[in-house]
Amino acid sequence: ATDKLASRVGASLLRSAEMEDLIYPIMSDYEDAMVKCAINTEWFESIRDRLRESVPVSPLFDTERWVQNLEASFMHMKSINDKPSRLP
């Protein structure tokens, strides 16, 4: 597996969408999959269908929860900032 940021982010997104089978740790396997996408429209459509099916159940697409968590993080940061500093 590669340690590049884009690879890690892509793998994380695929895991969130429950599509781990599309994580290819070897570049040649990834390239083979991309060729398969280009020439096998039925396989490509099946991937698109799976992604569409994951939208309502995947945390990846839960924007409301994401916004709530972000707002809670901002409130937490503000509460920390509002506390008097204990530094001299």
- Under a straight-distance cross-link criterion of Cα-Cα below 18 Å, which aspartates and glutamates are reachable from LYS36, leaving out those fewer than 8 residues away in the same chain? GLU20, ASP21, GLU45, ASP49
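Per DSSP H run of at least 4 residues, take -39500 (n - 2.57); add these up for the chain, divide by its residues and hand me the 222 nm value, nearest 500 deg cm²/dmol. Each step should come with its number before you reach the end.
On the way: 4 runs with 59 residues, N = 88.
For the chain, the value works out to -22000 deg cm²/dmol.
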- Message: Can you give me the accessible area per residue for the chain, using a 1.4 Å probe, in Å²?
- Response: 86
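In the stretch 6-88, which trypsin sites (Lys or Arg not before Pro) fall in coil by DSSP and have 14 or fewer other Cβ atoms within 10 Å?
Details: sites: ARG8, ARG15, LYS36, ARG48, ARG50, ARG52, ARG65, LYS78, ARG86; in loops: ARG86.
Answer by residue number: ARG86.
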- Query: When the chain is treated as a GNM, springs tying every alpha-carbon pair under 10 Å, which of MET75, MET19, MET34 comes out with the largest mean-square fluctuation?
  - Reply: MET75
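The values are calculated or read from the model by the stated rules, or taken from the named source; none is laboratory data. Every value quoted in this text rests on a predicted model; they were computed, and no experiment measured them. Note: ideal-geometry Cβ built from the backbone for every residue, glycine included; neighbour counts use all protein chains shown. The area values use the complete protein model at the heavy-atom level, side chains included, leaving out ligands, DNA and RNA. Shrake-Rupley method; radii C 1.70, N 1.55, O 1.52, S 1.80 Å.
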